[in-house]
Structures are given as C-alpha cells and as structure tokens.
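Notes for the one structure printed next.
The values are calculated or read from the model by the stated rules, or taken from the named source; none is laboratory data. Bear in mind that the values here come from a model prediction, so they are computed numbers and not experimental data. All Cβ positions, glycine included, derive from the backbone under ideal geometry; neighbour counts span all protein chains shown.
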Amino acid sequence: MFTRILFTISILTAILAGCKTVQTTAPTESYVNETIKAPLSNIAIPFDLGIAELEQAVNRELVGLLYADTSYTDNNNDNLKMQVFKSGNMNLRLTGNELAWELPLRLDINYGFNIKKLGMTFSDYRDYKGEIILKYRTKININEDWRLRTTTTTDGYTWVKSPTISIAGFDLPITVIANILLKSNSKTLEKSIDEAVASSIDMKKYAQMVVEMTQKAIKIPADYNLWVQFTPETVSSLPIAGANGRLVYKAAIAGRLNCYMDSVPLPQTNTALPILKITDKIDNDFNVNLLTNLPYPSIERITKQILKDTTIVMGNRKIKINDIRIYGSNKKMVIETDVSGSIRGKLYFTGIPTFNPTDTSLRIKDLQFDIKTRNIVIGSASWLFNGKIEQAIQSSMIIPIGNNIRTIETQLNNYIREVDLGHGFAIQGNLSKITVSDIILTNQSVKANVVFGGNLKAALLPPKQ
C-alpha cells in the first residue's frame, strides 16, 4: 500500500514538474493617435466639340448684312459706299489649337470716280457687284480663370467674282476694297468667333457645376446605408488641342472622395472653383475611400471560433488554448492566449495587421512571441519556439473587413456607372480594384481604410430626343 502511494506521488510530481506555470508580462496597451486621410481622386472633365458644331455656332452668329459703308468721305475720302452680306456658310479647318476660317461675302459697291482726259473731266457713280472669300486664323487657349482666349488674325482673301471695270483707262481699285473689307470685318468677326467658341465650350460653367454638385452628400441606392461626398482641392488642365476634326480639351478636379456607412456627412460650403493650373498630363484615376470599423470583441469572437479549445501538439508535449484577448500596442496587434497543458499561463504574441485583397480580409503578418514572453519562457520551455503555435494562430486569424465589402463594391459600381447630375451632366465611371491604404489600431477597434479604385469622368449627356 505504501509503495502504491509513493508511486502515485511520483507520477503526480512528474506531471506537475512537466506542467510548468509561467508568469509573463503583458505588452503595454497603447495606441497611436492618427487621422486617416483619403487618397486623392481625379474627376476628369473632358470637353469635346466637333468642328461642324462650332461651325454651326459661328454661322448662327454671322448672318445677313455684316458691314455697311454709307459715306463717300470716310476712309480718307475714298469716294466709296459699300454693303457686305454673308453669301454662304463660313467654313473652318482645324490644325492643333488653330482654326482656319473662310468667310464668303457678297459685295454691293457704289463707287464714284473722276476722269480727266483731253482737258475734260468725266465724273460718275457706278454700282458694282462682287464676291470674295476673306480668310482668318484663330488660336484658342485657356486662362487660369477658366476663360477661353482667342487670338484672330487675317490671312488674306480670294476673289470669287471680281468687280472690275475699266472706263477710259480707269480701273476699280479692288485691292483697296479687299483691304477695307479685311480691316472693317476683323473686329466683327473676332467678336463673333469669341462668342461662338465661348457659348459652345463654356468650361468654367461646367466645371463649376461639377464642383458644386459633387460636394453634395449623395445617398447610394443600395442595401447598406451608404453616402458618398467629394471634397475638391485643385484643378488642372491640358492645353486645348485639335484631333480628327474635333476640338479637344481635358481638365481634372483633384480631391478626396469619401464613402460613409450609417452616417450622413455634413454639407460642404466651399464651392469656389480653384485656380486652373495648366499641365502636360492628366489622368482620370479616382478612389472611393471607405473607413471601416472592426471592434476588438468582433475580432476576438471570430478568432475564438477557430482557436478556442484547440490543442497544439509539439512532440510529446501539448498546449491547449483556453481563451484569447486582442488589443493594440503602438502599431502592433497583441494576441493574449490563456494556455494549459505542458505549460500553463498567458502567452503573448504580436504581429502587424495587414490587408488581403483577394478575400478582403484583415490578417496578421510577422506574428511572433512578444519579446517579454520570449525572455521569460525561453529558459524553461525552449521547445515552444518551433513556430507551430505562431503558425496556428497566424493562419487562423482571417477577419473579414466590414460587412460584405464585395457587395458594397458592386453597389458602388452600379451607382457610378452613370449618375445624372442634372443640367445635361453625368458622372460616369467604374471600379476596378480594392486596396487598404491605412490600418490604424484605436483603443476600441481596428480602423481599416478600404479604397475602391477606378476611373471617373464628368460627361455631357446627349440631348434627349
């Protein structure tokens, strides 16, 4: 009997000796006070005007009588009266940012002349008809205040029907007449061109519309309570250019586009259009910034479902994970495990939270024993440091970010495919990627900045039939 008791005691002693209790020190709980800022987005604003459309606009401006000279004594007593009518549509061509114009005109001329011959003076007034094409060139640029700047210069003329006549050796001065026409019509024509171009491509008006309308908090019609809002910061522009018979211009408003879940963003009051900066490159990449909140209890619950009561075998030793707590220490995530088995007590692990775009999940990389735990345990339980327990915890911590991020992406994509802003304008775009730009550990949760990337532009809708 005594022998049996001694044997039992020796077995218990061996078991107790093999099951060591450790007194570890928890990593200090601390958090970094950081503000997540959405990455910049570009809303491209393309303007595309066909030459035929601009031609029509100018021809609407120039109609009927364009010039009338009703005095014989003006222009240094030129003894000339003249009425000039538009005889056909103005034609134009485009090269780079320069427009070449041809304006066909019909001339009704009344010219007085005096001829001295053989001691006699002959004087008379005659009516003449003529047809001429005046030529002009116009360069188009844009200023920092969004206003178009046109520079028009004369480029000669071609007579279609010359009003020539010879009376007793006197010739009608058609060169003088053409020069008068070019000089007298240049201001009228320049004004008409300026007005036609400005009314056809009012970029400031459209850009102002886009800035004001995109700043409004917009509710996305979806299952989730989602709102989007854009905050403009800068505006840039390419120089105006011509391509394939069209006048092409592209600007972009850079700002920050945020998506809010379950909260309505405050209205924005700054609707002033930023100064336009001319640049040589513009893209239409944009990002929708969605700040998600992952409370530590939720992360613990998901992790416990997988790891709690799990036994990890390491040779002839075993460790059972009884409980888990998760918190932050500076920028690292701490996993506190309460274990029993071949060793008893609390083991602490630290790792860096990271984002997996494949399944939109939060994971832990570089998971390892906290340095304080390692220093305490390594002398008495070096067998722990074979990587099995770290691997088991790291592979089990796969935490979905937010609720159905892919569903939110689909709903956003459906929404931005074409958002009618009114006034004939729409926002058109598509999403093509998901990333997380920031992961911040706060005292209550892990905040992940989910970024939906794609391209976005403001477009003029075709007129409704």
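Looking only at the stretch 438-465, which residues are within 14 Å of LEU257 (Cβ to Cβ), small (Gly, Ala, Ser) and at pLDDT below 80?
So in the stretch 438-465, the residues within 14 Å of LEU257 (Cβ to Cβ) come out as 449-458.
If we keep only those that are small (Gly, Ala, Ser) as well, we get 453-454, 458.
The one that is within 14 Å of LEU257 (Cβ to Cβ), small (Gly, Ala, Ser) and at pLDDT below 80: ALA458.
In the stretch 129-187, what residues are farther than 30 Å from PRO239 by Cα, of a type in the set (S, T, N, Q) and either at pLDDT below 70 or touching a helix residue (DSSP H, G or I) at 6+ places or on another chain (Cβ under 9 Å) (or both)?
SER162, THR164, SER166, SER184 - these are the residues of the stretch 129-187 that are farther than 30 Å from PRO239 by Cα, of a type in the set (S, T, N, Q) and either at pLDDT below 70 or touching a helix residue (DSSP H, G or I) at 6+ places or on another chain (Cβ under 9 Å) (or both).
When LYS365 is evaluated against the numbered criteria (1) basic (Lys, Arg); (2) under 21 Å from ILE401 (Cβ atoms); (3) more than 48 Å from the chain's Cα centre (by Cα), which criterion, by number, is the only one it fails?
It is condition (3) that LYS365 fails.
Only residues that are assigned to a helix (DSSP H, G or I), of a type outside the set (A, V, I, L, M, F, W, C) and modelled with pLDDT under 80: list them for the stretch 379-425, please.
So in the stretch 379-425, the residues assigned to a helix (DSSP H, G or I) come out as 382-384, 388-396, 405-416.
Narrowing further to those that are of a type outside the set (A, V, I, L, M, F, W, C): 382, 388, 390-391, 394-396, 406-407, 409-411, 413-415.
Of everything in the stretch 379-425, those that are assigned to a helix (DSSP H, G or I), of a type outside the set (A, V, I, L, M, F, W, C) and modelled with pLDDT under 80 turn out to be ARG406, THR407, GLN411, TYR415.
Mind counting the residues in the stretch 61-78 that are surrounded by 15 or more Cβ atoms within 10 Å (Cβ to Cβ), assigned to a loop (DSSP other than H, G, I, E, B) and at pLDDT 75 or above?
Residues that pass the stated criteria total 2.
Of all the residues that make up the stretch 1-60, how many are within 20 Å of SER380 (Cα to Cα), of a type in the set (A, V, I, L, M) and modelled with pLDDT under 75?
Looking only at that region, the number is 5.
What strands (runs of 3 or more DSSP E) completely inside the stretch 268-363 contain at least 2 residues that are touching a Leu at 6+ places or on another chain (Cβ under 7 Å) and modelled with pLDDT of 85 or more?
Working: elements: 276-278, 285-295, 311-314, 317-330, 332-341, 343-356.
By residue number, 317-330, 332-341, 343-356.
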